[in-house]
Structure formats: structure tokens, C-alpha cells
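The block underneath contains the structure these notes are about, expressed in C-alpha cells.
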Amino acid sequence: MCGVVGLVYERPRADLGQIAGELLRTLEYRGYDSTGAAIQAEGLDVDLRKDVGAPSALVQRLGITGLPGQILCGQVRWATFGAVDQTNAQPHVVRCKTYLYGAHNGNVTNCDPLKAWLCEKGHAVQSDNDGEMVVHAVEHQFAERLDALADADRRDPEIRREVMRASVLRACDMLHGSFAAVLVDPVSRTLWAIKQGSSLYFGAGADSTGGAFRVASSDLSSVLKLTRTLVPLSEGEFVEFTATGHQVYRCAPRPDDPDQPQPLERKAVRSLLRTADTGLVAPYTTFMQQEIFAEEDTCRGVTRLFQGGSELGQHVGAALRDLGPAAAGDLHKVAGAMFESTSDVALRAELERLHLLPATAQLVGRLGPLVADLDRADAPLCSAEQGLFADLLGLCGSAVQRHAVRMLDAALEIREAEDYRAAVQALTEQCAVAVRDHRRIFVLCCGTSFHAAKTAALFYNEIAGCELTPLLPGEFRAQASRALRDGDVLIAVSQSGETKDLIDVLNDVARSGRQVFRVALVNNVNSTLAQEKADLVLPLRCGPEIAVAATKSFTNQLAVFYCLAIELALALQPDDAAALARRAALSDLPDLIARTLGATDGPLDDAAELLHLAPSLHILATRLVAVAKEGALKVREVVLNHTEGFEASEFKHGPNTILGVNTVYGIGQVAAALATVRGDPAAGTLDPAQPHHPGNGQVLRALYADYPLLFVTGPERRDIDLTISQINTHKIRGATVVVFAEPDERLRGAAEKAPADNPGYRALSVALPRTGDTLMVAFSASVALQHLALKMSLRKAAHLDALGMRDHGVHPDVPKNVSKSITVD
């Protein structure tokens, strides 16, 4: 994993260290084992500060925030090669054969043999870290070429850049694996950012303090902290840059000069996102909380695309059709120019053009009373370019201009809805052909996305009567890769679009020669998966997700798969009344999310208080096993309590041995045992050499606690009956029971009735909004379990903080050992 950033300004800045600290903190979700920054001022010297720990804890302690300078190379580490210590922290400054510094993100899989080769060649390799091998490998190639030059040429910046390009090209051949890297030549004051299989974003801008600048980073949000002008990079490319210019190259030799890489033309684009889109907004105190409560809106945004757009958008679209293609063409030309604008001055000019367009006045006239909606301060922006339009609204000087901006947003939303519907139709047709021809539909994904895919299998089975096969990339390689047939459909799901093992499998599929239709369901449409690996892309449209634990992206994945299942059902049987009814009721989905968050808040507080110190628990679902697994993942991720999700009936096939007396002890149980010892010091022996000591029993009794079981079920009678049976079977063996279900008195009674021999029995019911539909419970139970995990995390973190426990790693946004997009093997 890890995160890397390279930044250079035209002029020195006294506050470069503050900027470095902010960028490193933005990268923290990608790694927090160590933090480092190399900052170069006007001379050749580089001030390197790095140590073990997260940037939020280190950037001030190391003095990074106080450093002035002009060039930054920074890194946060999620350790793979090399121990978590200062030596293995990055960046690395090397001087073995020439002077260079840099850092990387990803995995160089031939790290060990490369280290041996470098040592043999005379390099003083200090660490086991593959990032150092990247810097030394480039240094070696650079030094060899510099040595062949005259002294004057070695100091010439232009010649050094040419030599370095050749060195990067050769070094990339030596480095096996997937990585992104930033390298700096301190003499020419030039940076190179390499994208070899890991995420990398590049942007350009200017400000009044430092002048022009260029920035490269593993993370889009860190680039957006400084600029929204982006230069797209693809896998197998690198960018050479100074503060005032850049050039993109392919990591492949030029036909006319095999020692030099191929230069590429690459046009700058304006990002659809703003810095504000990645910030924490009151009243929320964590990104996870903010993102859970955003799910109503993000779900509405993506389901609205399946419904043809918002009401305003549909009216604007109809008015545009009445005005004719010329009017629509004029509006879209202005929109295109706005997207290419990289400054507010250019945006203002395009805004004035929009204002003066005849089509604008004609649209206002045709909308009639709906114009009042255009001027409402709380009227939402609906297109994917809403970040741009939010900027434009801030530049508007009149109500007429605001109307024009909102109409253009609505017009683009309708075009997006049409494009989305076309993509959905193309996928649906491919899937319908696959079903008719007895081909298979695979869904490949990892982590949370895999649980969404397993829920999608339920949707496709129940709604369309079709089989969907969800597989992890490793499972696909083991179970299906050699069984692919022409006509199969493969849907790759990834929030980031940069998941390494998923990309590797898609490369395998492409090399297989089979005619497999490849679809990317991603949130980041500029990602490797979307741009390079798919025949068709469906955006999740859930906006930036900052917290490591996926919440709103999971819910939007469910929503998209639910809608796709409806479309496939209607493609196979156009008069399917049940599918038509589900399509007509799509607007109920976001409302269900809002009702769930409101109705379950109090009961979830009670459940979080009961469960947050439990060392282990199981979530048992009837027909909703993927919901149970995703809920368990959320608890594991942000509470750090062992949690498993099971099909409820499977629990009795072995896992139920954990009920009753066991040796799984939590903090609360240990505290009770310590209290017993303090009350009777002689009781605290637990000495195997004295197995019959009376004190042993006292301590063991204090350590005992009923084991928590959380049950999830839909409202169908068969599922309710099965769940009641499971509750009755397990609670008598020592279980605490929490039920997530729509209101049902029989189910509630089964949970709350205490076993006769257990006066301390505890049970809770979390009543989900009533829908009468198991597929809707997939949404409501998922949201409730996400919210439970958040509440548990906050309680447990506060408890551990109060105990003075350092580095416990419990945090809803950046829990230890996990990262947002896995870009290593």
C-alpha cells in the first residue's frame, strides 16, 4: 500500500513544511507504520525527517511542519518489505554513486535479489525496504550514464534530465511488481513520478506565494488540496516535471532511439471533485459517520440515473428536445469549455457566454414555475460535474446566472442519465444473451465489494431467476480461469478501481483470448480498472469516500446491482409484474436508508454499549449471509473485535463450540477477574500445579461471559421460523442475543425470553423499518450494522484511551493495519 507525494514550487516557501504536513495527513489512510519527508530548499542540501508512526502524530514532532523549502518528497508507509523501523521508513536519500532521493508506493517483488545485486555493485543499501531498492536502481543507471559525460555536461540541467529519462526507462525493466514512485534529482531540481501498476495522480497549478507548481501523489484528494487541474496518467507511464512544466512518457523505448522513452501528448483536465468534497463537515465528527449519513443522497443519486434523472432534469431535457439539437449543442459546447477551464478567470468568461446564449433564455421561458426551484439555496446539484457547478454558483453575480448554471447542471444530468441507461442496456443485453446461451456471469471483487457481489447474487436469483457467480480474484484463478468461454460476462467491482489482485486477474482474462465482456463497476472512473481494463464502465456515483471502512460505496454497489437485476428480469420477460413494481418503487430505497438511521439510533446505542468490549462475536443471517459477513467486516475493521459472519444454520456445524465456557476473554472480563483477585488475593492463583485450589474457580467464573450472537433475518415466515429455532438452540448454551429484523412479536419473544438457568441473560432487538421484503432488509440491515460498528468503535476507543493504552489502533476512519485501496499483492 503506502502513499507517496512529490511537489515542487517555482519559488521557495517558508510554509512548505506546513503543506507537507497537510498532504501527509491526507495520505494517512494509506499507511501509518512510518512517516517521512525530504525537503529541499534553494541549495543542494536535503532535510530528511522520518520515523515510525502515523503522520498525524509525527509531522509536528519531527519538525516537518516548520521546514521551509521548494521541493518535497514525502511518504507514508504500510509496511510490506522490511521491519517497521526508522531505517525502513521512506524517503531514501542515496549518494553511493550519485546524488538522488525518492520514495515509492507498492511492492517490488524482486526486492531481495535486487538488494544483493546492488550490494555487489557497491551500493551501501541501508534497509530491507523495496523503496530503497527503487531509488538505488535508478541511481545506478543514472550514475553509469553521468560517468560517461564531461564535467560540464553533468551539471547541465537539460542533459541531466535526458540522462535521467533513460535511467528511469532502464530501471523500470529491473523492477518487478506493481508500484508508483517519486524520484528527485537535487542538481537539476527535477522530479519524476512513475506509475507502474499502482495509483498515481498528477496536477498543476499556481498560487501567489510559491508561483507555479506541479504535484504527484498516490491519492487524488491530496492533489485536490492544491489544484483541480489534473493530467491523466496510465499504467506504464511516468511524468517528468519541474514547477513550470511537465512531460509524460511511456515506459517503453522510442523506435528511433531505444535509450529514450516515448513522449506522449496529454491534455490537462479539470477534476470533477473539489477539496470541499473531501472534507469533514459539521455536525459530523468522523468521516465514517458523515459517509453513513450521506447514503440516502448517494443512493438517490445512482437510482435516479436508472429512473431517467431528477424531476427538474427531466423537464429541462424535455424543453431542450422541444428547442431542437442546435440549442442542446450550444449548451454542451459551453459545458465542454467549462470542463477545460483551469482558472476562475476562464470559468467566469464561460459563465458569461452561458448567460448570453439564446438557448438559456428560451429554457427559462419554457420552465415556467419550475424556475423558482432553480433559485432555491437548498436545491441540489445532480450531475457528476456538481463540483464544477458549485464553483460556478460561487461566481454568479445575478439570479439569471444562477438559473443558467442550474439548468446546465440539469441538462448534463439528463445526458448522463441517458449515457448511463445506454451502458446499463448494453450490459443487460450481454447478460441476457449469456443467460440464454447458458454462459456465466461472474462478479470479481475483494473485501466489501465481494460482500456486495454476494448480495447481488441474491438479487439476481430472486428478481431475475438467474445465477450470478461472485468470486474473489484468487478463487477465480483457482475455480474458473481455465473454464472461461466465449460469451461469458465478467463484472469487476472496486470502489477505487486500483485493487491490485483484481487488475492482475483482468490482465489474465485479456491474455486468455476468450471473448469475455468485461465491465467495471467503480467509484473512481479515472482509475486503472475503468480506463484500461474494461469494455464498459458503470460509475457508482457515491462521491469521495475517505474513511477506510467502506460504507456508502457498499450501499451504492447494492443499489446498482439491485437495479441491474430488475433490468435483466425485464429483458428476459418484459411483462414481469414483480420487476416492474420494483422499478416503479426505486425511489423508496433512499427513503428506507433515512428511516433506518432514524428508527434504529437508540437501540443501536444500547447494542453498542453491550457489545463494544466483547472480544469476539458472530453475526448469523438467514438468507442474507453477505450482509452478515459485511457487518462482521465493519466490526473487525473499526472496532478490532474478532467477528465472523455466517449463514445462521451453519453455526451449529462447529462454530457453536465457542458458546458456554471458553477461553476468549475481553477487557471487561479481565477487569472482573482482577477485581476478584483484589478482593481475595489468595483467589488469584490460576496455577496448573494446584488444579484444585479453590481460588481458581472464582477467577474463572469472573472471566466467563455469555457469547454475543447477532441475528439478521428478512420478514418471510420461513426465515423467521428458522431464526427463532436458531435463537432457541443457542441461547440455552450461553449466548447474548441481538436481533436485527423487521418487527415480529414471535421473533422478539424468542430473543427476550431468558433461559431458566441464566438469570443474567441479555437480549436486544433492533427493529428495522417494516417493508415486508427480504431484499429491502439487505439494505436496512447493512446500514444498521455499519452504524453499530461506528458506535462500537467510538466507545471502545474512548475506553482504551481512558485506560492509557497507546497505539491501540481503534478508530472509525483510520484503524490500524488496513488501508483504503490495496495496491500491493
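Worth a mention:
- Qualifying residues in the range 768-788 (those that are outside any helix (DSSP H, G or I) and within 17 Å of E296 (Cβ to Cβ)) - the one farthest from the chain's Cα centre (by Cα): T771
- Within the range 56-112, the set of residues being outside any strand (DSSP E or B) and on the phi > 0 side of the Ramachandran plot comprises G63, G82.
- Selection of first residues in the range 755-766 that are over 8 Å from T736 (Cβ atoms) and of second residues that are surrounded by 14 or more Cβ atoms within 10 Å (Cβ to Cβ) and of a type in the set (S, T, N, Q), restricted to Cβ pairs under 9 Å at least 6 apart or on distinct chains, gives the following pairs, ordered by first then second residue: L764/T736; V766/T600.
- Looking only at the range 105-129, and only at residues there that are closer than 18 Å to R49 by Cβ and touching a residue at least 40 places away in the same chain (Cβ under 8 Å), the one that is surrounded by the most Cβ atoms within 10 Å (Cβ to Cβ): N129
- Going through (1) surrounded by fewer than 23 Cβ atoms within 10 Å (Cβ to Cβ); (2) touching a residue at least 40 places away in the same chain (Cβ under 8 Å) one by one, R77 falls short only on (1).
- The residue list M805, M776, M792 contains one member that is farther than 20 Å from L709 by Cα and open to solvent by less than 30 Å² (accessible area, probe 1.4 Å), which is M776.
- Screening the candidates E235, E265 for the property of being open to solvent by 10 Å² or more (accessible area, probe 1.4 Å), among the charged types (D, E, K, R) and in contact with a Gly (Cβ under 8 Å, 6 or more places away or on another chain) yields one hit, E235.
- Odd one out for S167 among (1) modelled with pLDDT under 95; (2) surrounded by 24 or more Cβ atoms within 10 Å (Cβ to Cβ); (3) polar (S, T, N, Q): (1)
- Number of residues in the range 324-359 that are in a helix (DSSP H, G or I), in contact (Cβ under 8 Å) with a residue 40 or more places away in the chain and either acidic (D, E) or touching an Asp or Glu at 6+ places or on another chain (Cβ under 9 Å) (or both): the value is 7.
- The residue that is farthest from N105 (Cα to Cα), among those in the range 130-146 that are of a type in the set (D, E) and crowded, with 24+ Cβ neighbours inside 10 Å, is E139.
- Test for L72: is it modelled with pLDDT of 95 or more and of a type in the set (A, V, I, L, M, F, W, C): yes
- Options A417, A452, A426: the member that is touching a strand residue (DSSP E or B) at 6+ places or on another chain (Cβ under 7 Å) and over 15 Å from L490 (Cβ atoms): A452
- Of A20, A57, all but one fail to be among the small types (G, A, S) and over 16 Å from K225 (Cα atoms); the exception is A57.
- Counted residues, the range 170-204 - those being of a type in the set (G, A, S), in a strand (DSSP E or B) and open to solvent by less than 20 Å² (accessible area, probe 1.4 Å): 7
- Selection from the range 396-408 of residues that are of a type in the set (K, R) and open to solvent by 40 Å² or more (accessible area, probe 1.4 Å): R402
This table checks each residue for (1) out of contact with any Asp or Glu (no Cβ under 7 Å at 6 or more places or on another chain); (2) closer than 18 Å to L764 by Cβ; (3) among the small types (G, A, S); (4) part of a helix (DSSP H, G or I).
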{"position": "L570", "(1), (2), (3), (4)": "no, no, no, yes"}
{"position": "P574", "(1), (2), (3), (4)": "yes, no, no, no"}
{"position": "R582", "(1), (2), (3), (4)": "yes, no, no, yes"}
{"position": "I593", "(1), (2), (3), (4)": "no, no, no, yes"}
{"position": "E609", "(1), (2), (3), (4)": "yes, yes, no, yes"}
{"position": "L620", "(1), (2), (3), (4)": "yes, yes, no, no"}
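- K820 passes every criterion in (1) out of contact with any Asp or Glu (no Cβ under 9 Å at 6 or more places or on another chain); (2) at pLDDT below 95 apart from (1).
- Elements of type helices (runs of 4 or more DSSP H) in the range 433-546, at least 1 residues being buried (at least 20 other Cβ atoms within 10 Å of the Cβ) and touching a residue at least 60 places away in the same chain (Cβ under 8 Å): 447-459, 500-512, 528-532
- Comparison of A426, A411 shows that the only residue that is in contact (Cβ under 8 Å) with a residue 24 or more places away in the chain and open to solvent by less than 20 Å² (accessible area, probe 1.4 Å) is A411.
- From the list E240, E291, the one residue that fits, being at pLDDT 95 or above and closer than 20 Å to G543 by Cα, is E291.
- Scanning the range 633-669 for residues that are farther than 26 Å from I724 by Cβ, open to solvent by less than 40 Å² (accessible area, probe 1.4 Å), without any contact (Cβ under 8 Å) to a residue 60 or more places away in the chain and not in a helix (DSSP H, G or I) turns up just one, G666.
The values are calculated or read from the model by the stated rules, or taken from the named source; none is laboratory data. Here the structure is a predicted model, which means the values were calculated and not measured. Here the Cβ is made from the backbone with ideal geometry for all residues, glycine too, and neighbour counts use every protein chain on show. Ligands, DNA and RNA are excluded from the accessible area calculation, which covers all protein heavy atoms including side chains. Shrake-Rupley method; radii C 1.70, N 1.55, O 1.52, S 1.80 Å.
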